[in-house]
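Heads up, the thing below is written out as structure tokens.
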Amino acid sequence: MSSSVGIFGGAFDPPHDGHLALAGEAIDHFDLDRLLIRVVADPGHKEVETSSQIRLVLAELAFAALDEVEVSLDPFARTVDSLEALDLDDPVFLIGADELVAFPTWKRPDRILELARIGAATRPGSELTALERVIGSLSRPDRVELFPITPLAVSSSEVRDRVAAGLPIDGLVPAAVATEISRLDLYRDM
């Protein structure tokens, strides 16, 4: 019996309730036995505010409630390099619908589709016509599956901005993450 593995990578600076909801709903939708949360050490596409080790600890705290989750540091800045190193048997690589729109510009998207299926999370209001156009332009459109998630209006940048402004982040991040952000005095000097 083969196990079904998902991969959810990101900067997680910090991880928030939207990340947790996506992970939980993907586990259910794809019937995943394991979900690898990959904290990208040095994201090639965005600046990060905190070190990879701090983001790793925050991700471990955020996803601790999900039994299927394994959190680790991803030393690769690009998805294709990470997937080649992992060498898994047909995993599901999870992304948001907004990331799917940019997917054709990623490093070696055709190779990514050889190495993994793509599970793209959609929310009410997602521009399905644009997503279908992107999927249709790919070499392997059969390797992409859209799945709906419950929308949560939260982003990592919003959490950082609220902390910097001295505003509460209750209901935006798991309680253990909020406690650790406060304990380490993160995101204050932005």
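Each value in this text was obtained by applying a stated rule to the coordinates, not by laboratory testing. From a predicted model like this one, the values you see are computed outputs, not experimental measurements. Because the Cβ atoms are built from the backbone with ideal geometry, glycine has one as well, and the counts that use them run over all protein chains shown.
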Any idea how many residues of the stretch 84-107 are within 22 Å of Glu47 (Cα to Cα) and outside any strand (DSSP E or B)? 11
Just one listed residue, out of Leu58, Leu66, Leu35, is within 15 Å of the chain's Cα centre (by Cα), in a helix (DSSP H, G or I) and either closer than 29 Å to Pro124 by Cβ or among the acidic types (Asp, Glu) (or both), and it is Leu58
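Considering every residue within the stretch 137-157, establish whether at least one is β-branched (Val, Ile, Thr), on the phi < 0 side of the Ramachandran plot and assigned to a helix (DSSP H, G or I). Spell out the reasoning first.
Our first condition is that a residue be β-branched (Val, Ile, Thr); within the stretch 137-157, this holds for 144, 149-150, 154.
Remaining after also requiring on the phi < 0 side of the Ramachandran plot: 144, 149-150, 154.
Keeping just the survivors that are assigned to a helix (DSSP H, G or I) gives none.
No, every residue in the stretch 137-157 fails to be β-branched (Val, Ile, Thr), on the phi < 0 side of the Ramachandran plot and assigned to a helix (DSSP H, G or I).
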Across the stretch 1-18, the tally of residues that are buried (at least 19 other Cβ atoms within 10 Å of the Cβ) and out of contact with any Leu (no Cβ under 9 Å at 6 or more places or on another chain) stands at 2
Evaluation of Ile169 against (1) within 18 Å of Pro15 (Cβ to Cβ); (2) touching a strand residue (DSSP E or B) at 6+ places or on another chain (Cβ under 8 Å) (one fails), failing number: (2)
Run Arg188 past the list (1) under 25 Å from Glu60 (Cβ atoms); (2) surrounded by 14 or more Cβ atoms within 10 Å (Cβ to Cβ); (3) basic (Lys, Arg); (4) touching a residue at least 12 places away in the same chain (Cβ under 8 Å) and report the number of the one that doesn't hold. (2)
